Amino acid sequence: MVLIAFSWDDGADEDMKLMDLSSVYKIPGMFFIPATNPERKVLSAENIKKIDNNRFEIGAHTYSHKYLSKLPLTEAQVEIVSGKDYLEQLLGKEIAHFCFPGGKYNSELIKMTRRYFSSARTADTGSLLGRGAFLIRPAIHFYDRGKLSLLYNSVKNMSLICPAILKNLSEDRYFDLIKKIIEGLNTYQGIHRMIVWGHSWEIEQFSLWDDLEDFFQWLTKNYSSNLRNYSEILKSDNISDL
Ligand SMILES: [Zn+2]
C-alpha cells in the first residue's frame with residue numbers, strides 16, 4: 001500500500017491558487033514558506049494565515065531563502081532560526097518542519113536543523129521514506145526532469161520506485177509515469193510512503209495547472225484514503241526502502 005503527502009516550496013503568490021485547487025480535491029499539503037525571497041514575491045502575512053486557517057500545514061524555509069551551504073554556519077543559523085520565529089509569531093504555533101532552500105545542505109546543517117525541527121526536507125527525487133528519518137527525501141518532483149533522472153535517483157537510493165519505473169518506461173508522459181509508480185507501489189507488500197514536492201510558481205511558469213488538476217482528480221477518485229498530511233506521513237512507522 002502507498003501513502004502520499006504533498007509539499008510545496010517558496011510561498012509564491014500562486015500558492016493561493018494551489019491551495020484552492022487542493023481544497024477542491026481534498027488534497028492535504030505542506031507549504032514551506034520563507035519570510036522574503038530575492039528571487040520572487042512571497043505571500044503576505046494575511047495570505048499565510050489563510051493557508052493556515054484552511055488547515056494546510058506550514059513549514060519553515062529560512063528567513064530569506066538563502067542557500068545555506070554557501071553561508072558561514074553562524075549566518076545559516078540566523079536564517080534558520082529567524083525563518084522559524086517569523087512563522088511562529090505570525091501563526092501563534094510551533095513550526096516543526098523545515099525545508100532546505102535549493103535543496104542545499106551538508107552534515108553540519110543537518111545537525112543544526114535537528115536542534116530546531118523534527119524534520120528537514122531536501123529537493124531530491126527517487127526516495128521513499130525510511131523509518132524515523134529526520135532528513136526527508138522526496139519521491140517525485142511535480143515537474144518533469146526526465147524519467148531517466150528519476151530512474152537514476154531511484155537506483156541510487158535503492159528505492160522500490162525503481163522497479164515501478166522500469167516496468168513503465170514506455171510511458172511517454174511524465175505525469176502518467178507518476179500515476180503508474182503510485183499504482184505499482186500500492187500493489188507491493190507493506191506500507192510505502194512517498195512525498196511529492198513542487199513549486200506553484202513552476203506550475204505557473206510551465207503551464208502545469210491542467211496536469212496538476214488531472215493528477216488531483218485521479219488521486220481523489222482512486223487513492224483518497226492513501227493521502228496524508230505531511231506531519232502525519234512522517235510519523236507512520238512502516239518502512240519501504242529495500
Ligand atoms: Zn525554495
If only one of 80, 110, 95 is assigned to a loop (DSSP other than H, G, I, E, B) and of a type in the set (A, V, I, L, M, F, W, C), which one is it?
95
Is there a residue in the stretch 162-174 that is within 16 Å of the ligand (Cβ to nearest atom), among the aromatic types (Phe, Trp, Tyr) and buried (at least 16 other Cβ atoms within 10 Å of the Cβ)?
no
Name the pairs whose Cβ atoms lie under 8 Å apart, with the first residue in the stretch 162-177 and aromatic (Phe, Trp, Tyr), the second modelled with pLDDT under 90 and in a loop (DSSP other than H, G, I, E, B), and 6 or more positions between them or separate chains?
174/144; 174/146; 175/144
Condition broken by residue 145, with the remaining ones in (1) part of a loop (DSSP other than H, G, I, E, B); (2) free of Cβ contacts under 8 Å to residues at least 24 places away in the same chain; (3) under 20 Å from residue 229 (Cβ atoms) satisfied
(3)
Taking the stretch 14-44 and keeping residues within 16 Å of the ligand (Cβ to nearest atom), of a type outside the set (A, V, I, L, M) and crowded, with 17+ Cβ neighbours inside 10 Å leaves 14, 15, 29, 31, 32, 34, 37
In the stretch 46-53, is there at least one residue being within 14 Å of the ligand (Cβ to nearest atom), touching a residue at least 12 places away in the same chain (Cβ under 8 Å) and either surrounded by 16 or more Cβ atoms within 10 Å (Cβ to Cβ) or of a type outside the set (A, V, I, L, M) (or both)?
no
Take the residues in the stretch 120-131 that are in contact with a helix residue (DSSP H, G or I) (Cβ under 9 Å, 6 or more places away or on another chain) and surrounded by fewer than 22 Cβ atoms within 10 Å (Cβ to Cβ), then tell me which one is farthest from residue 85 (Cα to Cα).
124
The listed residue being within 16 Å of the ligand (Cβ to nearest atom), more than 26 Å from residue 174 (Cβ to Cβ) and of a type in the set (Gly, Ala, Ser), out of 132, 102, 83:
83
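The values are calculated or read from the model by the stated rules, or taken from the named source; none is laboratory data. Keep in mind that this is a model prediction, so the values were computed, not measured. Positions of Cβ are generated from backbone atoms using ideal geometry, with glycine treated the same way; all protein chains shown enter the neighbour counts.
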